[in-house]
1. What helices (runs of 4 or more DSSP H) lie completely within segment 141-251 and have 1 or more residues being in the same structural domain as LEU99 (by TED's automatic domain parsing) and among the hydroxyl-bearing types (Ser, Thr, Tyr)?
2. Would you please name the residue that is surrounded by the fewest Cβ atoms within 10 Å (Cβ to Cβ), looking only at residues in segment 290-301 that are more than 22 Å from ALA416 (Cα to Cα) and within 21 Å of the chain's Cα centre (by Cα)?
3. Given the structure, is ILE366 touching a residue at least 24 places away in the same chain (Cβ under 8 Å) and either surrounded by fewer than 24 Cβ atoms within 10 Å (Cβ to Cβ) or more than 22 Å from VAL308 (Cβ to Cβ) (or both)?
4. Just give me the residues in segment 43-64 being under 12 Å from TRP175 (Cβ atoms) and touching a helix residue (DSSP H, G or I) at 6+ places or on another chain (Cβ under 8 Å), in sequence order.
5. GLY241 fails exactly one of the following numbered conditions: (1) out of contact with any Asp or Glu (no Cβ under 8 Å at 6 or more places or on another chain); (2) modelled with pLDDT of 90 or more; (3) among the small types (Gly, Ala, Ser); (4) under 22 Å from ASN93 (Cα atoms). What is the number of that condition?
6. Being modelled with pLDDT of 90 or more and hydroxyl-bearing (Ser, Thr, Tyr) is the filter; apply it to segment 313-361 and report the residue that is surrounded by the most Cβ atoms within 10 Å (Cβ to Cβ).
7. For residues that are of a type in the set (A, V, I, L, M) and surrounded by 23 or more Cβ atoms within 10 Å (Cβ to Cβ), tally how many sit in segment 410-436.
8. Residues of segment 372-387 being surrounded by 24 or more Cβ atoms within 10 Å (Cβ to Cβ) and either more than 12 Å from the chain's Cα centre (by Cα) or not in a helix (DSSP H, G or I) (or both), which ones?
Amino acid sequence: MNRTAQAGARLDRLPTSGFHRQLLWLIGAGMFLDSFDIYLAGGVIGELTRSGWSNLSLNAAFLSSTFVGMLLGAFAAGVLGDAKGRKFTYQFNLAIFGLASLAGALAPNMWFLIVCRFFMGLGLGAEIVIGYSSIGEFIPPKVRGRWSSYLSLITNSALFASTALGYLIIPSIGWRAMFAIVGIGALGVWLLRKNLPESPRWLEAKGRHAEADAILRQIEAASPALPPLPPSIELPPRQHGLGSLFRRPVLRRTLVAVWVQVAINVVIYGFIVWVPTFLVQQGLELKSSLGYTTLMSLGGPAGALAGVLLADRVGRKNGLIGVALLAALFGWLYSHSSGLPAATLWGFLLFTCTYLMVALGIASYIPELFPTENRMRGAGVASAAGRLAGIIAPQVVVLVYANGEVGNVLLVITGALLSMALVLWLFGTETNRRSLEAIASDAHIAPGSRAEAANHLHH
């Protein structure tokens, strides 16, 4: 039996207001701390090694526990977010990595810190899934891509903040202060987010219509204008459970989401994090290598800003295809550059394209592909696959870089990018400026019904 969506129609007609800005900053604060906690690892383990508190094998266990925790956290957040709600899940995972960070700051030995890091990883992996998926359920379609890109910009700005604070704090105060900052900050954000509402879309999908209506009335009251209510959208029968992601009609979208996540993570963990190593292997001193890498890394915020400007103009599917092709070109040019200035330029452009793909793909496109009742599960499965790719990609780099040719690594990166563009071109669906309910309904259009698909596209 089909259902009628009221919550989505009521939310989508509203202009953005102070409510939406508060939502962005409170979700963004949690995701900023999440990213800060991920990036502090490099500075912390360097100090742990210098002081004799740790060694290379224990450092490897520390990093592995982070990635394993993030993989499991991403998957668990998807299941929990659809079963228990968005608000419960983002508060739960924020508390996990906040408390685990405080425990890590008090760690008596390295093995205790490694266990704490695993629990930090559970929360860190979950926060990205919940944050990007939650904000899109409140933002109107015309600006949803821009606001998701804003969230990506806030999140990725933590790389600079973590590096800068680590430079100032670790030598003078010690590594424990870095975990204390995250823990105290996370618990502070947890308190501020207690009053954020549950997603009316999720409540409606669970049949809790009275609760959804009460929250919608509060949001509407904060709106400076209340446009007329558009016609309700008739939704297809609800697809329950994790298994429905791997059955028609949703299977195609699950595979597209997984491949977008995998390809982007292959670029990040197969190239971006290796750039200092590549430059050192090519004869640069470490200090110079880090300097040139810093210049290239400015492409991170540049890519997120480009997402703010482009997401709602070029669309997510078309934008990802175009940017993936550009990134593949810049990767080829980087591998064939004749000098360091040229390599820095092409590296900066490749960084920019990579984080533009994060804004368009991970922050915007993937959560849009799934119906409300399975949005978190779909994003969680895709994110877990991306985390797995992030674990495997460095091992592949070690194998193909054995002869010292960075071109072999870029060949792998180019292959991942071109395959993503092909998968999107063949199987992707455009989500730009469309209600989440209309996008979900498209998945149920019979294959070959081009006229009906076009009718849905223009509505």
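1. Numbers: elements: 144-156, 158-169, 176-192, 200-205, 209-221.
Counting at least 1 such residues, we get 144-156, 158-169.
2. Pass one, segment 290-301, residues more than 22 Å from ALA416 (Cα to Cα): 290-295, 298, 301.
Now narrow it down to the ones that are within 21 Å of the chain's Cα centre (by Cα): 298, 301.
On the way: LEU298: 13, PRO301: 18.
Taking the candidates together, the pick is LEU298.
3. no
4. Step one: filter segment 43-64 for residues under 12 Å from TRP175 (Cβ atoms), giving 43-51, 53-54, 62.
Result: GLY43, VAL44, ILE45, LEU48, THR49, TRP53, SER54, PHE62.
5. (2)
6. TYR355
7. Step one: filter segment 410-436 for residues of a type in the set (A, V, I, L, M), giving 410-413, 416-418, 420-424, 426, 436.
Among the residues that remain, those that are also surrounded by 23 or more Cβ atoms within 10 Å (Cβ to Cβ) are: 410, 413, 416-417, 420, 424, 436.
Selection size over segment 410-436: 7.
8. Hits for segment 372-387 are THR372, ASN374, ARG375, MET376, ARG377, GLY378, VAL381.
The values are calculated or read from the model by the stated rules, or taken from the named source; none is laboratory data. All figures in this text were calculated on a predicted structure; none of them were measured in a lab. Note that each Cβ is placed from the backbone with ideal geometry, even for glycine, and that neighbours are counted across all protein chains shown.
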